[in-house]
1. Please go through region B:40-71 and give me each residue that is within 14 Å of chain A (Cβ to nearest Cβ) and either surrounded by fewer than 18 Cβ atoms within 10 Å (Cβ to Cβ) or acidic (Asp, Glu) (or both), ordered by number.
2. With respect to A:Ala83, determine if the residue is over 23 Å from B:Asp73 (Cβ atoms), touching a helix residue (DSSP H, G or I) at 6+ places or on another chain (Cβ under 9 Å) and within 14 Å of another protein chain (Cβ to nearest Cβ).
3. How many of the residues making up region B:194-253 are charged (D, E, K, R), under 17 Å from B:Asp162 (Cβ atoms) and either surrounded by 13 or more Cβ atoms within 10 Å (Cβ to Cβ) or modelled with pLDDT of 90 or more (or both)?
4. So which residues in region B:102-142 are farther than 13 Å from B:Val64 by Cα and of a type in the set (D, E, K, R)?
5. Scan region A:11-25 residue by residue and report those that are away from every other protein chain (no Cβ under 11 Å) and not small (Gly, Ala, Ser).
6. Condition first: in the same structural domain as B:Glu25 (by TED's automatic domain parsing), over 30 Å from A:Ala27 (Cβ atoms) and in contact with a Lys or Arg (Cβ under 9 Å, 6 or more places away or on another chain). Can you find one or more residues in region B:53-68 that meet it?
Amino acid sequence: MGDLNNPGIEGTAKPVLDAASMAELRALDPDGKAQLVKRVLATYQTSLAKLVDQLRAARAEGAWEQVGRVAHTLKSSSASIGALGLSALCADIERLIRGGEAAAAEPLIEQFHAEVQRVDAAVGQTLQHLEAAAS
Amino acid sequence: MTLHHGVSLEATDRRPTVLLVDDDEVNLLMTAAALRDRGFDITSCTGGEEALTRLASWTPDVVVLDAIMPGLDGFETCVALRNMPGFDNVPVLMLTGLDDEASINRAYQVGATDFFVKATQWSLLAGRLRYLLRASRTRQELERSKAKLARAQDLARMGSFDWWQDDNRSFVNGLELSEEGLRVFGYGPDDRVNLRDMLRMIAPTDREPLVRLARQILYQVSVIATDVPMTLPDGRFRIIHVEAEPEFDEHGHCCAYTGIVQDVTDRRIAEDRIRHLANYDALTNLPNRRQLIWRAERALEFGRRLGHQVALLLIDLDRFKVINDTLGHAAGDELLMEVAFRLRGCVRHCEQLFEGVIETAGSRSHRTLEAVGRLGGDEFVALLPEVADEADAQRVATRILEALREPVVVAGQDCFATASVGIALFPRDGNTVADLLRNSDVAMYAVKSQGRNDALVYTPRLAGRGREKLALESALHKAIERDELVLYYQPKVDVANGKMVGVEALMRWRRGDLLIQPADFIPVAEETGLIVPMSEWALRQAAKQARIWADAFGFADSIAVNMPNRMFERTDLIEQISSAVREEGIPHSMIQLEITETGLMKDLQRVIPSLHRLTEIGVQIAVDDFGTGYSSLAYLTSLPIAEVKIDRSFVRDLGVLPQSLAVVTAIIALAKSLDLKVVAEGVENQRQQDVLYGEGCSLMQGFLFSKPMPPEDVQTWMESVALPRKAVAVSSTAKVRANAGEVVDVGRRS
């Protein structure tokens, strides 16, 4: 899984949302009764928008610590839904900031925003499929 | 000790409740779903503040906290949670990042139970939670059983302790008591106590042997089990039971003791009470027969081993029965208690000694056996475990007699409770306790027969008295209480007019089918002192009879009761007579007392005051057996007496020996000159009657008129003989005048 460590370069070749992770998620609610997948993805989408806004504002103010905290949160929740590329980017950003290398994190943040776009789109698409399947 | 959430944990069939706290809502949703799927009951919160709010009103079985959260993070939440009452033992699982070692360490510092690296491996998380719950439950059960044990120990006033050797192999510093153990001594849970503090609570006299015992136990590595009397820091006196077993290190050396301390004061008090009841007389609190005999046996063992003499003093009160009979049992008890108190002061009385082993270390330890005990009734024993000679024992006896010389106030009256003391010495007078008791008893009886209120040392000579006599004595002792004594009455008549002028009461002892004459038991009664209660009984009985006759046929004369001279020496004779006549509602004059001339003269000065007082209250005194003693006529003139009775020996010889007539004539003349009544006793025939009457003595008593008879026959006698008074009188005087010298044995018919 070495490719996960550098999603910015090879990410386009991979699916945005990891199929195995999604399967795991689905396994938590096998018959779909609790609509868990839908609720998790909806929750993720909401929190993603909120957290990206927070990160952008913090970066504008130079509040790097806050940037790191947002990255930490997004790291685990992204991993949970299988957005492994985004999760890896968040992990790098968090690590660099904690290590006092905020400047080195700057280019990663650009990549981060691009990946957010893709993940958001993929999540939205999956949600639409779920809606369609449900109706 | 938080029991409340432990109770909820017991229900294992219930889904365990989990509070899940994570700011990452996605993770929260997924974790919740995963854990619900695995049998947990999940409540979710997205932040520390929200979690604490929930916990204010609810306690989950386990709390799962995300370590890193905005606002109150997992660590701060955990600290806050631990500070909430009842949350000190709720398991808390901290979720940390994989590479976050700092968080892991901090998690433990803030009181988290465990940490778990965030992952999607839900089964592992669920397994960890179950493990935490089980550990918590086990811990909870342990806490509860500890609490139960503590409570049980508290109830039993018991606590545990450890006592160990320090590096210098010394046991002085290593002592630790459990909270309950501290409480046994009145200490709080935070107090620290060392061995020296403990030793200070023990009286110096007890400390020394205890330290010696402790050294011995440590040396022998034996089990500790001992009761220690202690005065606790708050001043309470308690008996603490200490029980401990040694613990051994890998080399097999005793390195520590572990055990319990228990306040056994109440139990000991109860045990002591039982032992006391078994060994002490309930009334006087003196050692009882059992305890005395035990002590005496131990004393003899010591005497045998150490070669010294032991003395046993048997102390019998002289007048106890009289007091018991006249003043009642309560008064008797009161007297016994006072006597016991005084006797106790006469020896080095040692209170507390039961059947335990006497410390054999001290060579004088047998001295602790010394005591006064109560054998029963009015019999006491003084045990002197070591005497140099019989003079030693006699000194104690003298002290006892002296102590009883002062009157005892009982029921508001002064009573004289003198004692007769018999002394027997080991080994001279006996080798066993039974022998010594028997021989001191012989000596004591000898004192009784010699006038009581004295002490005698046993000699074989004293034991020479016949068995028969002893049996008679002991039977006579019981005669009064068994109502075996009876009074017979013999009329005194005035032959001038044929009237009965009174009766003399004469004692008989109805012993089985036999009616025993006074000559056969009065001497023994005199000798043993029993004559006193017997005389007192006779007084009361005579008063009763006077009442009965007064009611039955208007009896208004007096009943003469024989009194030994010692009765006149007693200060309460007047009171006895007064109470007897008062009880029957008869005048004092219906009781007459007869004292023998010999008795009167024996100790005249001591008797005279009583005679005066008796005469003042109307009780007449007759001098019995007159003519046999050596009366100083000068005294006779000044004595307050009303009547003299001519001794039967002179009457018997009237007309046989001329001297008798001379004596009789002289007595009659003397009586007349002193204005005393004169009565002739033992008149058996007409000739005697005639001579007496001729000399001017008309009052007579004897078989010629009537034998002594039971009280119920007196009225019949009066009706058949005395009622036709004139006739009898006429015929009687006619006979005297007409047939002097002719014998008419009227008395023989009854």
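The values are calculated or read from the model by the stated rules, or taken from the named source; none is laboratory data. Keep in mind the model is a prediction, meaning the values are calculated, not measured. As a convention, Cβ positions derive from the backbone with ideal geometry for all residues, glycine included, and neighbour counts pool all protein chains shown.
1. Here is the first cut: in region B:40-71, the residues within 14 Å of chain A (Cβ to nearest Cβ) are B:40, B:42, B:44, B:46-47, B:66-71.
Passing the criteria: B:Asp66, B:Pro70, B:Gly71.
2. Details: over 23 Å from B:Asp73 (Cβ atoms): yes; touching a helix residue (DSSP H, G or I) at 6+ places or on another chain (Cβ under 9 Å): yes; within 14 Å of another protein chain (Cβ to nearest Cβ): yes.
Yes; evaluated as a whole, the condition is true for this residue.
3. Result for region B:194-253: 4.
4. B:Arg106, B:Arg134, B:Arg137, B:Arg139, B:Glu141
5. Scanning region A:11-25 gives A:Thr12, A:Lys14, A:Pro15, A:Val16, A:Leu17, A:Asp18, A:Met22.
6. Of region B:53-68, the ones in the same structural domain as B:Glu25 (by TED's automatic domain parsing) are B:53-68.
Adding the requirement that they be over 30 Å from A:Ala27 (Cβ atoms) leaves B:53, B:55-59.
So of that shortlist, the ones also in contact with a Lys or Arg (Cβ under 9 Å, 6 or more places away or on another chain) come out as none.
No: region B:53-68 contains no residue that is in the same structural domain as B:Glu25 (by TED's automatic domain parsing), over 30 Å from A:Ala27 (Cβ atoms) and in contact with a Lys or Arg (Cβ under 9 Å, 6 or more places away or on another chain).
Every residue, every condition in (1) of a type in the set (Asp, Glu); (2) closer than 30 Å to B:Glu301 by Cβ; (3) touching a Lys or Arg at 6+ places or on another chain (Cβ under 7 Å), yes or no:
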residue: B:Thr418; (1), (2), (3): no, no, yes
residue: B:Ile423; (1), (2), (3): no, yes, no
residue: B:Tyr445; (1), (2), (3): no, yes, no
residue: B:Ser449; (1), (2), (3): no, no, no
residue: B:Arg482; (1), (2), (3): no, no, no
residue: B:Glu504; (1), (2), (3): yes, no, yes
residue: B:Leu514; (1), (2), (3): no, no, no
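So that you can scan it fast, the table gives a plain yes or no per residue for (1) aliphatic (A, V, I, L, M); (2) in contact (Cβ under 8 Å) with a residue 12 or more places away in the chain:
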position	(1), (2)
B:Arg134	no, no
B:Thr138	no, no
B:Leu149	yes, no
B:Ala156	yes, yes
B:Ser170	no, no
B:Leu177	yes, yes
